[in-house]
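FYI, it's all coordinate maths here, none of it is from the lab. Here the structure is a predicted model, which means the values were calculated and not measured. Because the Cβ atoms are built from the backbone with ideal geometry, glycine has one as well, and the counts that use them run over all protein chains shown.
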C-alpha cells in the first residue's frame, strides 16, 4: 500500500507480537517500528507487563510511550500520566485468597513487585537460572532478586501460577465479583495461570484516555495483538489487527489478521497500512 499521509497512532502488544515465544524479536520488527516513527506516526507499547518487566531489547527499539500493566500505567513522551492502583484492602483480600488456594503469585506495580518464593523458583526453572546465578535487572529477571517487603498499597495487577486446571476456576469463583480475571498471557506460567486486575483497568480504557488527551481520534488508532488481554483494544481501535499466531478470540475481535510473528506479521501489517 502507498505511504499514508494520515498520521496514525499504533499500539503494540509485546508477547507474541513483538517478542516471540523463545525471547527473540524478528529483525523486520524494529525496522518497521523505526521507519513508521520516522514517517511521523506514533508507536507505543500496550502490554500486560508492568514497566520493570519490559526487556531492554524491546525498549531499545524506541517508542513514543507505553500502556503498561494492562492499562494501569501510561507513559507518554517521557511522562507518566496514568497510574491506577488497587485499593489496599482489595489487594489484601486478593493475596489472602491466593494464599488460601495455595497458589504462587506476583503482585505488580510500576516500581514495585512482590513474588512468592515458589514463583521465584518457577521462574528460575523457566529462565534456566540456577539459585546462585546472577540475573538480569530487567524483564522477568527482576523477580529473581531479593524479595522486597510485602505491601498492599503499590499493586496494580497480579499474576498467579498453577498447573491444576481447577486453579483458574477457583480464583474466578473467589474474586471474580470484585476483580477481572483472565487467562495468563505470560509464557511458561502454567496451564492454569491467570492475571487479576481491577474491572475498569484495561488496555482499552487507557488507550481511550491517552488518545483523547493528545487530541487524536480512535479512528486514527491501529492496535496489534495476539492474546485475550488485547481484545478490548482490538475492538476499540480504528483498525484492530490480530497476529496469525494469536488466539481464536483475538482473531474474532480484530478487523483483520496478519501473518504470524515468525513470518514478519507486524512488518507486513505496517506495510499494508502505509506506515512504511
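Quick check on packing: order 64-77, 260-273 by the mean number of other C-beta atoms within 10 Å, highest mean leading. Display every interim value, and only then the final one.
Numbers: 64-77: 23.9, 260-273: 20.2.
Per-residue Cβ counts within 10 Å, averaged per peptide and sorted highest first, yield 64-77, 260-273.
Ranked by Cβ crowding within 10 angstrom, fewest neighbours first, how are 207, 81 ordered?
Going from least to most buried by this count: 81, 207.
For region 54-134, what does the alpha-carbon gyration tensor say about shape, rounded, prolate or oblate, given a ≥ b ≥ c as the root eigenvalues, a/c under 1.5 as rounded, and a/b over b/c as prolate?
Taking the square roots of the gyration eigenvalues as a ≥ b ≥ c, region 54-134 is oblate.
Need one word for region 221-275: rounded, prolate or oblate. Basis is the Cα gyration tensor (sqrt eigenvalues a ≥ b ≥ c); a/c below 1.5 gives rounded, then a/b vs b/c decides.
oblate
Under 8 Å for C-alpha pairs, at least 6 residues apart: give me the relative contact order for the chain, rounded to a whole percent.
22 percent
Ranked from highest to lowest mean number of other Cβ atoms within 10 Å per residue, what is the order of the peptides 242-254, 113-125?
Highest-to-lowest ranking by the protection proxy: 242-254, 113-125.
Kindly provide the helix-only [θ] at 222 nm of the chain, computed as the sum of -39,500 (n - 2.57) over DSSP H runs of four or more divided by all residues, to the nearest 500 deg cm²/dmol?
-8500 deg cm²/dmol
Under a crude label model (7 Å from the Cα following the beta-carbon direction), how far is residue 100 from residue 252 in nanometres?
Those two pseudo-labels are separated by 3.2 nm.
Specify whether the C-alpha gyration tensor of region 164-276 places it in the rounded, prolate or oblate class, a ≥ b ≥ c being the square roots of the eigenvalues: rounded for a/c under 1.5, otherwise prolate if a/b is larger than b/c and oblate if not.
Working: a/c = 3.03, a/b = 1.44, b/c = 2.11.
Cα axes put region 164-276 in the oblate bin.
For residue 151 and residue 77 in the same chain, what is the full-extension length gain: residue separation times 0.36 nm, less their Cα-Cα distance, in nm?
23.7 nm
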